[in-house]
Every structure is written in structure tokens, then in C-alpha cells.
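Trainee: The structure is given below, and queries will be raised subsequently.
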Amino acid sequence: METKHFFSHPTAIIDEGCEIGTGTKIWHFSHIMPNCKLGEACNIGQNVVISPNVVLGKNVKVQNNVSIYTGVICEDDVFLGPSMVFTNVINPRSAINRRGEYSKTIVKKGATIGANATIVCGNDIGEYAFIGAGAVVTKYVAPYALIVGNPGQQIGWMSEYGHRLNFDENNQATCLESGDIYIIENGKVSKR
């Protein structure tokens, strides 16, 4: 008899063909649909739906009431806040089947998407970007960008630890928590 290397609450449903990483936890009333890949140490909150063929990296945190639709890939260390939403078809209609038209959306390593935010399909989220609660993302988000509002607008930059970066006259900023130094050049942020 094979030992289960992850936890799933008795009310969770895990369909056939799924790969679930060691140490992952799947909580109440969540549904992992066929052929999903969930990395190690993920935490899938209550009432989450993960549609077929979705891929989550290691240590992805999915809070309650999130639907992750086919076409979404989340890399390692992504945080998906409560009730945030991904779309997967740009022009849905009830009477027209568009299953073959799902758009791909990639959420890069370390990105955070806040509670009740909406990510319109086909708009990738860069590494360590921070999408504020309730924001509606309608275009590509650069690495380390801080996005708020509807439609989402960039209002600044965030460190890998989730602190606002304030750049000085030398185009450098220091994370208040980690002490890491960041540089901004040609509208792009990188860690030194």
C-alpha cells in the first residue's frame, strides 16, 4: 500500500492523473481537476477549484475561494489571495464553446496577487510583482512592479520581501527587512 505524501481533507476531491508534491495540503471542499501538477509544500485553501492541466510550482499559497483556470501556470513561491480570479477566455459567451481558445497566463516566481484581484487572461505577472487587493490586471506586469486599481496601474516597486522600494538619486533602493539593494535602470528593477 502506497503512503500518501501530502494531506487532503476528506471533503476535497482530487481527480485522476494529478501529481501532488510532498508536503502539500489541500483543504475543505477544494477540487483538483484532472492532470494538474502541484509542487511540493503548496497550501490549497478551502473552496478552491484548480482546473485541468494547471501547473503550480513549489510553495504556492492559494487562499480560500480561488479558481485557477486551465492555461494558468504559477511558478514557485506565488501567493494567491482570497477570492482572487483568473480568467481564461478573452471574449466568453454562454452560447459559444471556446474551450479551444484558452489563453495562457504565467505568474512568475515570488509574485503576490491580493484578495479579490482579477487577472485577465494572457497577461503575465513578472517575478516578485505585487498586485494589490481588488486590482484588475489588463496588461503585462513587470518584475517587482506594484499594481493597484481598476484598471491596474503601476504606482511603484516592491522588494522580494514585499516592501515598497524608494529609489534614491543613484537609482538604488534598500529593502527595509532584508537589507538587499535594488537598482532601477531603463525602467527595470533588479536585485544587486
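Trainee: Conditions first: (1) modelled with pLDDT of 95 or more; (2) closer than 24 Å to Ile20 by Cα. Ala117 passes all but one, so which condition is the exception?
Mentor: (2)
Trainee: Also, quick follow-up: Counting only residues that are farther than 28 Å from Gly134 by Cβ and of a type in the set (D, E, K, R), how many does the range 145-190 have?
Mentor: Matching residues across the range 145-190 total 4.
Trainee: I've got another one for you. Can you tell me which residue among Ala142, Ala133, Ala173 is more than 18 Å from Ile106 (Cβ to Cβ) and in contact (Cβ under 8 Å) with a residue 40 or more places away in the chain?
Mentor: The unique qualifying residue is Ala133.
Trainee: Can you give me the number of residues within the range 38-77 that are under 21 Å from Gly17 (Cβ atoms) and not aliphatic (A, V, I, L, M)?
Mentor: Within the range 38-77, residues that are under 21 Å from Gly17 (Cβ atoms) and not aliphatic (A, V, I, L, M) number 13.
Trainee: Same structure again: Going residue by residue through the range 48-66, is there one that turns out to be polar (S, T, N, Q), within 15 Å of Ala117 (Cα to Cα) and more than 11 Å from the chain's Cα centre (by Cα)?
Mentor: yes
Trainee: While we're looking at this one, here's another question. Could you list all residues from the range 19-46 that are surrounded by fewer than 19 Cβ atoms within 10 Å (Cβ to Cβ) and part of a loop (DSSP other than H, G, I, E, B)?
Mentor: Listed by number, the residues that qualify are Gly21, Thr22, Gly23, Trp27, His28, Phe29, Pro34, Asn35, Glu40, Ala41, Gln46.
Trainee: Do you know which of the residues in the range 81-100 that are more than 12 Å from the chain's Cα centre (by Cα) and among the aliphatic types (A, V, I, L, M) is surrounded by the fewest Cβ atoms within 10 Å (Cβ to Cβ)?
Mentor: Ala95
Trainee: How many of the residues making up the range 144-166 are outside any loop (DSSP other than H, G, I, E, B) and of a type outside the set (Val, Ile, Thr)?
Mentor: 8
Condition check ((1) over 14 Å from the mean Cα position of the chain (by Cα); (2) surrounded by 17 or more Cβ atoms within 10 Å (Cβ to Cβ); (3) in the same structural domain as Val66 (by TED's automatic domain parsing)) across all residues:
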{"residue": "Ala117", "(1), (2), (3)": "no, yes, yes"}
{"residue": "Val120", "(1), (2), (3)": "no, yes, yes"}
{"residue": "Ile125", "(1), (2), (3)": "no, yes, yes"}
{"residue": "Gly132", "(1), (2), (3)": "no, yes, yes"}
{"residue": "Val137", "(1), (2), (3)": "no, yes, yes"}
{"residue": "Tyr140", "(1), (2), (3)": "no, no, yes"}
{"residue": "Asn150", "(1), (2), (3)": "yes, no, yes"}
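Trainee: Still on this structure, I have one more. Condition first: closer than 30 Å to Ile90 by Cα and either in contact with a helix residue (DSSP H, G or I) (Cβ under 9 Å, 6 or more places away or on another chain) or surrounded by 17 or more Cβ atoms within 10 Å (Cβ to Cβ) (or both). Now tell me which residues in the range 152-176 satisfy that.
Mentor: Gly152, Trp157, Met158 - these are the residues of the range 152-176 that are closer than 30 Å to Ile90 by Cα and either in contact with a helix residue (DSSP H, G or I) (Cβ under 9 Å, 6 or more places away or on another chain) or surrounded by 17 or more Cβ atoms within 10 Å (Cβ to Cβ) (or both).
Trainee: Filter the range 78-114 for residues that are of a type outside the set (Val, Ile, Thr), in a loop (DSSP other than H, G, I, E, B), out of contact with any strand residue (DSSP E or B) (no Cβ under 8 Å at 6 or more places or on another chain) and within 17 Å of Ile50 (Cα to Cα) and give the result.
Mentor: Selection gives Pro82, Ser83, Tyr102, Ser103.
Trainee: Out of Thr112, Thr105, which single residue is at pLDDT 95 or above, over 18 Å from Gly21 (Cβ atoms) and more than 9 Å from the chain's Cα centre (by Cα)?
Mentor: Unique residue meeting the criteria: Thr105.
Trainee: Then there's this: Can you name every residue in the range 167-192 that is over 23 Å from the mean Cα position of the chain (by Cα), polar (S, T, N, Q) and either outside any loop (DSSP other than H, G, I, E, B) or assigned by TED's automatic domain parsing to the domain that holds Ala111 (or both)?
Mentor: Scanning the range 167-192 gives Gln172, Thr174.
Trainee: Continuing with the same structure: For the range 73-80, state whether one or more residues are among the acidic types (Asp, Glu) and surrounded by 18 or more Cβ atoms within 10 Å (Cβ to Cβ).
Mentor: Yes, the range 73-80 has at least one match.
The values are calculated or read from the model by the stated rules, or taken from the named source; none is laboratory data. Everything quoted here is computed from the prediction, not taken from an experiment. A quick note on method: Cβ atoms are made from the backbone with ideal geometry, for glycine too, and the neighbour counts reach across all protein chains shown.
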